[in-house]
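Here is the structure we will look at.
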Amino acid sequence: MITSTHSSTLADRAGLCVVCHHRVFVNRSVTLENIQCFGFDMDYTMAMYKSPDYESMGFELIRDRMVSVGYPHELLRYTYDPSFPTGLVIDTKFGNLLKVDSNGNVLVCSHGFHILKGEDVHKYYPNKFIQRDDTDRFYILNTLYNLSETYFYSCLVDFFTRCTRYTNLLKGFQHGDLFMSYRSMFQDARDTVDFIHDSGILKDRTIKNLDRYVIKEPNLPVLLTRIKVVAKVFLATNSDYSYTEAIMKYLLENKSGSPKKPWRSFFDLIVVDTKKPLFFAEGTVLRQVDTNTGKLRIGTYTGDLQHGTVYSGGSSDVICDLLDVRGKNILYVGDHIFGDILKSKKRQGWRTFLVVPELTKELQVWDKKKNLFEELKRLDIFLAELYNSTLSRCFCPRGLLLCVCVCVCVQVLTYRMDMSYGQMGSLLRSGARQTLFASQLMRYADLYSSTCINLLHYPFNYLFMAPPVLVSPPSSPPPTHAYACACTANQSVFFHNVSRSFSFVLHVLSTGWQRITSSTDRSDPSERERERDLCDNWLMIK
């Protein structure tokens, strides 16, 4: 068995050379040797769509449909811009787009395309906090399919906010006797998205332009072929058979001179129309699909597994019965953190692999902006030394000024880091805190990577080993070093302890001046000399 401890290089002990964008990251240890069955979703997992072309097509379909049902024609001037990541939350009461952490604390707030600051955020959220379980008000945009919808809703809010024909109110817009709430706008957009998917418009346009919208990954047949040598493979998708066949033929059947291998032969079991996440609970009736016509055969299928047969509906329990596998012996690969990962983990105990295409950009920014991260480390170490210097009952004016300078530097660096990812910052963090998406990823995904193809870079007897997590006892003494970096090889995001640094600086600003102005004994000369040296050293570093 080949193992990895996931230090700075992913597979040092194994002698493997895995570059950063080929990595599979680990939250919980998984032994591939024990996996008897690999399951795959199709959309955004095996079939990766070309971004931003695919999202732009979806955006145009939503926009045109909304205009056709009565929304202003001026909306047609908007075009798709991939500014916002997944994992955001729409506040249907106030029309804001929110980036929150796992506890519901607001990290970033935008109204249309305007990022709100300070008092503007407190006007909507006095405690900068939301009740995430209020699902009637807050809608989480967790999937890549939501990208077009997310941007279009921002366009709606931006247009009506700027349009002089409408009066801006707290919960919507007034135009004469007509009041249009943010909630009604959101519901119209949601209904439009459902119409586009249910009517098949999006799928029809995709099939007609496969080369334009679908990435033909040459290594996908290689991956499936290698997996079938050591384990069973199944496909479980919410798409219908006709669309699934068109996509999988394009991805798996070679059009060159070599003999064609039917796409269905790559799988031991194929299930379409699964209706996830219902699929992971009680499921639906399992029926056979007539592969010649695409229609469903009458009656519930109750027989044994027939290779080459395509099924519709069913449930995860049916999958286990047909393939004769159980729970933790299944590794399921999907892109939907709720429909694929959370439900398969909580209800069935399957091992989970989350596909996060945005990791490619996250890792690129990480690599290009190393200097910013290193500078934050230096600032944090310096703040720790500055903290220790204040333990003596003195603090000179020069030190107080230095605290202000460091605080400003931290703010500037944090802002530059966030803006490197886009208008709303990183998918996985904001300053020092994990986003809601990152916390869900770490909680429910055993493994994650930018693409399922990265499994090819590991042997199938590989042990993905998560690093040990140490829990500090309640009586632990306060740390003397402020630097906290959770960027181990099993995590792609840098969690810097900036918040603690800010708390320290604020404490100094609130108490330091009192010490300067009211203390009769300013400290002995050696302490003042030490502070001056500390300040001079930092200024020399800068």
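Does at least one position in the range 294-302 carry a residue that is within 26 Å of residue 345 (Cα to Cα) and in contact with an Asp or Glu (Cβ under 9 Å, 6 or more places away or on another chain)?
Checked against the condition, which is being within 26 Å of residue 345 (Cα to Cα) and in contact with an Asp or Glu (Cβ under 9 Å, 6 or more places away or on another chain), the range 294-302 yields no hits at all.
Taking the range 257-268 as the search range and keeping residues that are assigned to a loop (DSSP other than H, G, I, E, B) and among the small types (Gly, Ala, Ser), which one is modelled with the lowest pLDDT?
Only one residue tops the list, namely 257.
Consider residue 149 carefully, then state whether it is of a type in the set (D, E, K, R), farther than 23 Å from residue 59 by Cα and in a helix (DSSP H, G or I).
No; evaluated as a whole, the condition is false for this residue.
Any residue at all in the range 158-177 that's assigned to a loop (DSSP other than H, G, I, E, B) and among the hydroxyl-bearing types (Ser, Thr, Tyr)?
Looking only at the range 158-177, we keep the residues that are assigned to a loop (DSSP other than H, G, I, E, B), and these are 163-166, 170-171, 176-177.
Still in the running and among the hydroxyl-bearing types (Ser, Thr, Tyr): 164, 166.
Looking through the range 158-177, at least one residue is assigned to a loop (DSSP other than H, G, I, E, B) and among the hydroxyl-bearing types (Ser, Thr, Tyr).
Assess whether residue 274 counts as being closer than 16 Å to residue 340 by Cα and at pLDDT 90 or above.
yes
Looking at (1) in contact with a helix residue (DSSP H, G or I) (Cβ under 8 Å, 6 or more places away or on another chain); (2) within 19 Å of residue 98 (Cβ to Cβ), which is the only condition residue 192 fails?
Every condition holds for residue 192 apart from (2).
Considering only the range 135-146, state which residues are surrounded by 12 or more Cβ atoms within 10 Å (Cβ to Cβ) and assigned to a loop (DSSP other than H, G, I, E, B).
Residues satisfying the conditions are 137, 142, 143, 144, 145.
With 87, 39, 70 as the choices, which residue is closer than 25 Å to residue 272 by Cα and of a type in the set (Gly, Ala, Ser)?
The unique qualifying residue is 39.
Looking at this structure, is residue 126 free of Cβ contacts under 8 Å to residues at least 24 places away in the same chain and over 24 Å from the mean Cα position of the chain (by Cα)?
yes
For the range 269-294, enumerate the residues that are in a loop (DSSP other than H, G, I, E, B), surrounded by 14 or more Cβ atoms within 10 Å (Cβ to Cβ) and free of Cβ contacts under 8 Å to residues at least 60 places away in the same chain.
273, 274, 275, 283, 284, 286, 291, 294
Identify the residue in the range 354-389 that is part of a helix (DSSP H, G or I) and among the β-branched types (Val, Ile, Thr) and, among all such residues, is modelled with the lowest pLDDT.
Ranking the candidates gives 381 first.
Take the range 324-353 and flag every residue that is in a strand (DSSP E or B) and either farther than 24 Å from residue 145 by Cβ or out of contact with any Leu (no Cβ under 6 Å at 6 or more places or on another chain) (or both).
To start, the set of residues in the range 324-353 that are in a strand (DSSP E or B) comprises 330-334, 351-353.
Hits for the range 324-353 are 330, 331, 332, 333, 334, 351, 352.
Right, residue 225: of a type outside the set (Phe, Trp, Tyr), out of contact with any strand residue (DSSP E or B) (no Cβ under 7 Å at 6 or more places or on another chain) and within 28 Å of residue 456 (Cβ to Cβ) or not?
So residue 225 fits the description; yes.
Can you name every residue in the range 413-430 that is surrounded by fewer than 19 Cβ atoms within 10 Å (Cβ to Cβ) and farther than 15 Å from residue 376 by Cβ?
Those that are surrounded by fewer than 19 Cβ atoms within 10 Å (Cβ to Cβ) and farther than 15 Å from residue 376 by Cβ: 422, 423.
Looking only at the range 247-257, decide whether some residue is of a type in the set (Gly, Ala, Ser) and touching a residue at least 12 places away in the same chain (Cβ under 8 Å).
No - not one qualifying residue is present in the range 247-257.
Checking residue 173 against (1) within 30 Å of residue 355 (Cα to Cα); (2) touching a Phe, Trp or Tyr at 6+ places or on another chain (Cβ under 7 Å), only one condition comes out false. Which one?
(1)
Has the range 37-50 got at least one residue that is under 22 Å from residue 220 (Cα atoms), basic (Lys, Arg) and touching a residue at least 24 places away in the same chain (Cβ under 8 Å)?
First pass over the range 37-50, keeping only residues under 22 Å from residue 220 (Cα atoms): 37-50.
This time we only want the ones that are basic (Lys, Arg), so: 50.
From what is left, the residues that are touching a residue at least 24 places away in the same chain (Cβ under 8 Å) are 50.
So far as the range 37-50 goes, yes, one or more of its residues are under 22 Å from residue 220 (Cα atoms), basic (Lys, Arg) and touching a residue at least 24 places away in the same chain (Cβ under 8 Å).
Scan the helices (runs of 4 or more DSSP H) fully inside the range 191-256 and keep the ones with 1 or more residues being among the acidic types (Asp, Glu) and under 27 Å from the mean Cα position of the chain (by Cα).
Details: elements: 201-208, 210-213, 220-230, 241-252.
In the range 191-256, 210-213 are the helices (runs of 4 or more DSSP H) which contain 1 or more residues that are among the acidic types (Asp, Glu) and under 27 Å from the mean Cα position of the chain (by Cα).
What is the one condition in (1) touching a strand residue (DSSP E or B) at 6+ places or on another chain (Cβ under 8 Å); (2) surrounded by fewer than 17 Cβ atoms within 10 Å (Cβ to Cβ) that residue 377 does not satisfy?
Among (1) touching a strand residue (DSSP E or B) at 6+ places or on another chain (Cβ under 8 Å); (2) surrounded by fewer than 17 Cβ atoms within 10 Å (Cβ to Cβ), the lone unmet condition for residue 377 is (1).
The values are calculated or read from the model by the stated rules, or taken from the named source; none is laboratory data. Treat the numbers as computed from the prediction; the structure is a model and nothing was measured. Counting neighbours? That spans all protein chains shown, and the Cβs are built from the backbone with ideal geometry, glycine included.
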